[in-house]
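Chemist: Let me begin by handing over the structure; questions about it come next.
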Amino acid sequence: MKRVLPWSLALALSLTSCGHLGIGGKKKEEEPSPFGPTGIPPELRGKSANNDPGTPVVPGGNAAGKPILQITKDEDIVFTDPDAPDSDIPELSSLLAAPKRGPWEASETIARQRSAREGKPLLIWFTDSQGSPMCKAVSEELFSTHEFGGWATEKLVRLKIDATPDKETLENTADLGSKEDMRVRLLSYSADLKKRYKVMGYPSLIMLNTSGEVVGRYRGYKRGEAQYLWGQLKHAEAVSHEAYLGWRKNLEKKGYREWQDRKGRKVFARLASYSSGKLTFVEPDGTRSKTTEDKLSDQDQAWITEQKKIRKIQ
């Protein structure tokens, strides 16, 4: 029996990947890492049965094949009524618009959300900036360096939990009573997270993958160990990244893909509904958002247009 479609048709879309173009000038020569090109200490590197460390990655030799366009079955299509939109669904642009902040987040909630959305592991730094000399040392020798900052910005989401309340936060509080209340709240927040993650001293570092599982735990620091600690963090990031790729591949089979807006901001989500240029997305953690077709990248708009032609939708 021929089915009559109601007001709108929701397209459940499957995997495509946004392409990336790399444009760069002459690369600045860098000093060789004491642990080789990977920056990971030898004892932390995975080896095969014959003790072979593996073949080096060749630039340009790991490009993914051209994705195959797939269409969700008709029974999986979702129908929506444009006359009764979900008013409580936030705009995608508001979720992707991150306020200007430093390299280290102060909120675990925001940090965990970013980790899941950006597909990056979360590095939590438990520190006592006023009472621990070694916390100052690891900051000076590693975390404050330009090299680490560039790597961490690309590979990680960072969260700093300080046992000493942040002075800037307290200074921006209106009056003395509010400042004291804020100071108590910050101390309680730090203590609660320290207990939850079973932190026994400072500095302590914990690496979580995008699912919130601990993949690395590092306690203490000695001067001069910056490169070794960095190698350990690189190892944990690599382990987390491999797990993320497998997790993401499984979700792509269920219709999730990477979407990009006009500003180049990305979100990994499934298209739950589509109606007259209006889209509703669902992220893996259940977060929903809405946007309009004209706010998406040219690639996404072209892909949707192609889907419409295949399904003979005007």
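Laboratory data are not the source of any read-out in this text; all were calculated from the coordinates shown. Because the structure is predicted, anything quoted here is derived from the model rather than measured. Every residue, glycine as well, gets a Cβ built from its backbone with ideal geometry; the counts of neighbours run over all protein chains shown.
Chemist: When the Karplus curve 6.51 cos²θ - 1.76 cosθ + 1.60 is applied with θ = phi - 60°, which whole-Hz ³J(HN,Hα) does each residue of the stretch 274-282 get, with x for Gly and Pro?
Modeler: Result, rounded to whole Hz: 9, 8, 6, x, 9, 10, 10, 10, 10.
Chemist: Moving on. Amide H neighbours of G119 under 5 Å, at least 5 residues apart or on other chains, H built in the peptide plane: list them.
Modeler: When sequence neighbours closer than 5 places are left aside, there are no close amide H contacts.
Chemist: Still on this structure, I have one more. What does the extension gain come out to for D166 and S93, with contour length at 0.36 nm per residue minus their alpha carbon separation?
Modeler: Going from the current span to full extension adds 23.3 nm.
Chemist: Round to the nearest 0.05 the FRET efficiency obtained for N250 and H146 when R0 = 41 Å and r is the Cβ-Cβ distance.
Modeler: 0.65
Chemist: Would you order K120, K222, K179 from fewest to most other beta-carbon atoms within 10 Å of each residue's own beta-carbon? Please report the intermediate quantities before stating the final value.
Modeler: On the way: K120 22, K222 11, K179 16.
Ranking K120, K222, K179 by Cβ neighbours within 10 Å, fewest first, gives K222, K179, K120.
Chemist: Rounded to the nearest 0.05, what FRET efficiency do R223 and A106 have when you use their Cβ-Cβ distance and R0 = 30 Å?
Modeler: Step by step, r from the Cβ atoms, then E = 0.65.
Chemist: Another one. Listed here are the pairs K155/K198; K120/K254; K120/K263; K136/K194; K194/K266; which of them are more than 23 Å apart at the Cα?
Modeler: K155/K198; K194/K266
Chemist: Just subtract the alpha-carbon distance of E258 and E293 from 0.36 nm times their residue separation and send over the number in nm, one decimal.
Modeler: Stretched out fully, the E258 to E293 stretch lengthens by 11.1 nm.
Chemist: Between Q301 and K278, what is the label-point separation in nm under the 7 Å Cα-to-beta-carbon projection?
Modeler: 2.0 nm
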